[in-house]
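As structure tokens, the structure follows; a few thoughts come after it.
The values are calculated or read from the model by the stated rules, or taken from the named source; none is laboratory data. Fair warning: this is a prediction, and the values are worked out from it, not measured in the lab. Methodologically, a virtual Cβ is constructed for each residue, glycine included, from the backbone with ideal geometry; neighbour enumeration extends over all protein chains shown. For accessibility, only protein heavy atoms count, side chains too; no ligands or nucleic acids. Shrake-Rupley method; radii C 1.70, N 1.55, O 1.52, S 1.80 Å.
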Amino acid sequence: MSEVQRYTIADVASRNGRGGAPVWLIYKDSVYDVTSYIPEHPGGDVISEEAGKDATRAFDDVDHSSDAVTILKKYKIGEIVEEEKKYDANGKKKKRVVAAAPEKEGNRSCMNKITCGLLG
């Protein structure tokens, strides 16, 4: 079994159809080259509006059929690199964890440190 090709979001962004570039898009962290599909797309070249972008929301908002999902799979060329993925293995949006800035000494009294979160 061959290794899955990995792409950054910037790699995909440069394949936006402009200047003869191919048309790639992202759907749930998978990368698709839909260049040859555009003439066949029932919605016309509206697909070009998502060229070089994460088209997940746009694709889901249209409520595509299961046939559309099957067709899309034929154009898969790889996946987004692990550190830039937005979805888990089940296709569910990952929760974003934001690191808190470290506290500076002297910002809080001893009592504040002890009761932090208890009093609001």
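Specify whether the C-alpha gyration tensor of region 1-69 places it in the rounded, prolate or oblate class, a ≥ b ≥ c being the square roots of the eigenvalues: rounded for a/c under 1.5, otherwise prolate if a/b is larger than b/c and oblate if not.
oblate
For K53, what accessible area in Å² do you get when you roll a 1.4 Å probe over the heavy atoms of the protein chains, rounding to the nearest 10?
100 Å²
Keeping all protein chains in the complex and leaving out DNA, RNA and ligands, what accessible area do you get for E83 with a 1.4 Å probe, in Å² to the nearest 10?
It works out to around 150 Å².
Within 14 Å, Cβ to Cβ, of S48, how many net charges do the neighbouring residues add up to if Lys/Arg are +1 and Asp/Glu are -1? Could you put the intermediate results ahead of the total?
Values: positive: R15, R18, K53; negative: D33, E40, D45, E49, E50.
Spelling it out: positives minus negatives among the neighbours equals -2.
Of H64, H41, which has the most accessible area with a 1.4 Å probe, and how do the rest follow in descending order?
My answer, sorted largest first, is H64, H41.
Put +1 on the Cβ of every Lys and Arg and -1 on every Asp and Glu Cβ in region 47-96; which of V62, G91, Y75 then has its Cα farthest towards the positive end of the dipole?
In region 47-96, that residue is G91.
Please list, ordered by chain and number, the residues whose modelled amide H lies under 5 Å from the amide H of Y87; skip anything fewer than 5 residues away on the same chain.
K94
Run the 1.4 Å probe and let me know the accessible area of E79, rounded to the nearest 10 Å².
The accessible area of E79 comes to roughly 40 Å².
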